[in-house]
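The values are calculated or read from the model by the stated rules, or taken from the named source; none is laboratory data. It should be emphasised that the depicted structure is a prediction, and the values quoted were computed from it without experimental measurement. Cβ atoms come from the backbone with ideal geometry, glycine included; neighbour counts cover every protein chain shown.
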Amino acid sequence: MKINFKKVITSMQVIIIVGLFMFIGSSSIENVIKSSNSNLNKTLDLVAMSEKVEEVIANDIYAVKDTYTGSLTGYSADCPLCTGYLACNGDYVRGGITTYDDNQYGTVRIVAASKQLPCGSVVKFDMPSVSSMPIYAIVLDRGVGGYALDLLVENESYAYKYVGRKTVNYDILRFGWNKEE
């Protein structure tokens, strides 16, 4: 989905020239327009281009679909009641695994959420105590209620020290695996 900027510039130049000629309104200029413009469908290219730009924006994987507020806590796969298996895909995450390689978003953190967020949903939130950059995470586990998130971390002491329990606003970038909206 590349935009051909050369075509865009050429189309814009044609529109500007046609607009100037229409503004001046001279009949001799009108003859020049008719003789020099062999393709009167230039505006159709702009319409198609505009539709393509709108499509690119709609398909932007980083466009926010919704924003929720909930509590954020941390958990580790080696907690006393944890099996080490993720509820959504069955992956085994004991041994410090805290990330997942998603086909669209690349390497993202793993979170547990309630069934209000389907498995495979991708969220973005800020947690300065864990990362100076926004955290992108995928819902691959269950075990929390409401709009809460539980961030998978290396061990319980890390969860207590760096995550704790905080209220966060988080953006939904994808609802479930199939990018449902």
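Report yes if some residue within the range 122-140 is touching a residue at least 40 places away in the same chain (Cβ under 8 Å) and under 14 Å from Tyr75 (Cα atoms); otherwise report no.
Applying the first criterion (touching a residue at least 40 places away in the same chain (Cβ under 8 Å)) to the range 122-140 yields 122-127, 139-140.
Checking the rest, the ones that are also under 14 Å from Tyr75 (Cα atoms) come to 139-140.
Yes: the range 122-140 contains one or more residues that are touching a residue at least 40 places away in the same chain (Cβ under 8 Å) and under 14 Å from Tyr75 (Cα atoms).
Any idea how many residues of the range 152-181 are within 19 Å of the chain's Cα centre (by Cα) and at pLDDT 90 or above? Let's see the steps before the verdict.
Narrowing the range 152-181 to residues within 19 Å of the chain's Cα centre (by Cα): 168-181.
Imposing the further condition that a residue be at pLDDT 90 or above reduces the set to 168-176.
Of the residues in that region, 9 qualify.
Return yes or no: is Asp91 of a type in the set (Asp, Glu), farther than 19 Å from Tyr158 by Cα and touching a Phe, Trp or Tyr at 6+ places or on another chain (Cβ under 9 Å)?
Working: of a type in the set (Asp, Glu): yes; farther than 19 Å from Tyr158 by Cα: yes; touching a Phe, Trp or Tyr at 6+ places or on another chain (Cβ under 9 Å): yes.
Considered against the rule, which asks whether it is of a type in the set (Asp, Glu), farther than 19 Å from Tyr158 by Cα and touching a Phe, Trp or Tyr at 6+ places or on another chain (Cβ under 9 Å), Asp91 comes out as yes.
Tell me, yes or no, whether the range 139-148 has at least one residue that is more than 19 Å from Leu173 (Cα to Cα) and either under 15 Å from the mean Cα position of the chain (by Cα) or not hydrophobic (A, V, I, L, M, F, W, C) (or both).
Initially, the range 139-148 is screened for residues more than 19 Å from Leu173 (Cα to Cα), giving 143-145.
Of the ones still in play, those that are also either under 15 Å from the mean Cα position of the chain (by Cα) or not hydrophobic (A, V, I, L, M, F, W, C) (or both) are 143, 145.
Yes: one or more hits.
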